[in-house]
1. If you take the residues of the range 283-302 that are farther than 17 Å from Gly346 by Cα, aliphatic (A, V, I, L, M) and open to solvent by 20 Å² or more (accessible area, probe 1.4 Å), which of them is modelled with the lowest pLDDT?
2. Would you call Tyr280 assigned to a strand (DSSP E or B), surrounded by 16 or more Cβ atoms within 10 Å (Cβ to Cβ) and in contact (Cβ under 8 Å) with a residue 24 or more places away in the chain?
3. Please indicate, with yes or no, whether at least one residue in the range 321-338 is over 20 Å from the mean Cα position of the chain (by Cα), crowded, with 21+ Cβ neighbours inside 10 Å and in a strand (DSSP E or B).
4. Output the number of residues of the range 103-134 satisfying the condition of being open to solvent by less than 10 Å² (accessible area, probe 1.4 Å), farther than 20 Å from Ala203 by Cβ and outside any strand (DSSP E or B).
5. May I ask you to verify whether Thr254 is open to solvent by 50 Å² or more (accessible area, probe 1.4 Å) and either closer than 28 Å to Gly210 by Cα or without any contact (Cβ under 8 Å) to a residue 12 or more places away in the chain (or both)?
6. With respect to Asn99, is the statement that it is within 23 Å of Gly162 (Cα to Cα), open to solvent by less than 70 Å² (accessible area, probe 1.4 Å) and polar (S, T, N, Q) true?
7. Quick check on this structure: which one of Thr223, Thr274 is of a type outside the set (Phe, Trp, Tyr), modelled with pLDDT of 95 or more and surrounded by 18 or more Cβ atoms within 10 Å (Cβ to Cβ)?
8. Restricting to the range 59-92, name every residue that is touching a residue at least 40 places away in the same chain (Cβ under 8 Å), open to solvent by 40 Å² or more (accessible area, probe 1.4 Å) and either out of contact with any Ser or Thr (no Cβ under 9 Å at 6 or more places or on another chain) or not in a loop (DSSP other than H, G, I, E, B) (or both).
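The values are calculated or read from the model by the stated rules, or taken from the named source; none is laboratory data. Here the structure is a predicted model, which means the values were calculated and not measured. We place every Cβ from the backbone using ideal geometry, glycine too, and count neighbours over all the protein chains shown. Each accessible area value is taken on the protein alone, full model and side chains, heavy atoms only, with ligands, DNA and RNA left out. Shrake-Rupley method; radii C 1.70, N 1.55, O 1.52, S 1.80 Å.
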Amino acid sequence: MKKSALALAVLAALSLNASAQTNVQIYGIMDAGVEYVNHAAANDGSQVRVISGGKNTSRWGFRGTEDLGNGLKAVFNLEGGILMDTGAQDGNLFKRQANVGLEGGFGQVLLGRSFTTTYDLVIKFDPMGFAPNYSWATSGSATGPSKYGMTTAFDNLIKYTGHTGGFTYGATVGLGEQAGNSADSRKYAVGGSWFGSGVGLMAAYEQVNGNTVAATGNRDKTTAFHLGADYKAGPMRYTAGMRGYKLQSGKANTADVKGDTYWGGATYEVYPWTLTGAVYHVNTKNLPAAKDADPTMYVARAMYSLSKRTWLYVAAAHAKADHGQLVGLSRDDPGFATTQTGITTGIQHRF
């Protein structure tokens, strides 16, 4: 079934490309590396493994536009993830993007599944470039009762993005689609950024509702606000950001989970080299003193450009947590010890 769906998608893209009025692009990122990491399992052993997405998540997709006249365009995007270490599909066929919409002087409106307004804004203020490995800008390590993170994409969304001068702004609503209670499972994201004269500023907010708990009449609710700043002068770039996270429980006698994530970094870029150093810290809150992990991660990365589309990279990271709590380097991996150190070398190609 998956092979048939992929074949149909390719045929559809080729058919659209034959139209003079429609422009369709096939694109992707192929990113694979070899990682050494200690404390990789409950037995405290180290591991050497091939990983997918050491710098950016591997993906492939189709994006297209049709000129409708008078400055109006129809747009669409289909994008899926790839696990380069096995060749497997990463989730649903088009888990990353599946949307269609209109674009014009008013901005862009999309329907379907897409990245949130918060994600679009915050991604520009992560010194590691939202790397799935060795970045906590999306969510922290596997520490404590929550990853203290944000939501990168919504299903069932309506999304607006606009641009005016150096400003980018937008809002996203993910419909909960729950009969009888439209607020259950509903998601919101809103924010804006400004870039000019080497300076960038950003603010964003999101709210994700759970479903109503019958016993209390309340629902789980997570909120996250983000602030960011960026400054570029010559070959140097300095970036800082933070997220304030709160999980409010709909259950009785359950404390809220709170945590603030802070990060900062510097990048030096002189072709063909790009050197980056970054620090991430999660200030966990509302936890007993013995469970207050407050994890911190230090990262360094060097990239060498072989061409405009192909890079070699090596990255090293070390994470630690307080009070005997577990910590993991990467946002999707569990922790098995109070520290973890990893080194990754890899290659990325874009098409």
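1. Ala289
2. Judged against the criteria, Tyr280 is a match.
3. Checked against the condition, which is being over 20 Å from the mean Cα position of the chain (by Cα), crowded, with 21+ Cβ neighbours inside 10 Å and in a strand (DSSP E or B), the range 321-338 yields no hits at all.
4. Qualifying residue count, the range 103-134: 3.
5. Yes; evaluated as a whole, the condition is true for this residue.
6. The answer is yes for Asn99.
7. Answer to the check: Thr274.
8. Thr65, Glu66, Asp67, Leu78, Gln89
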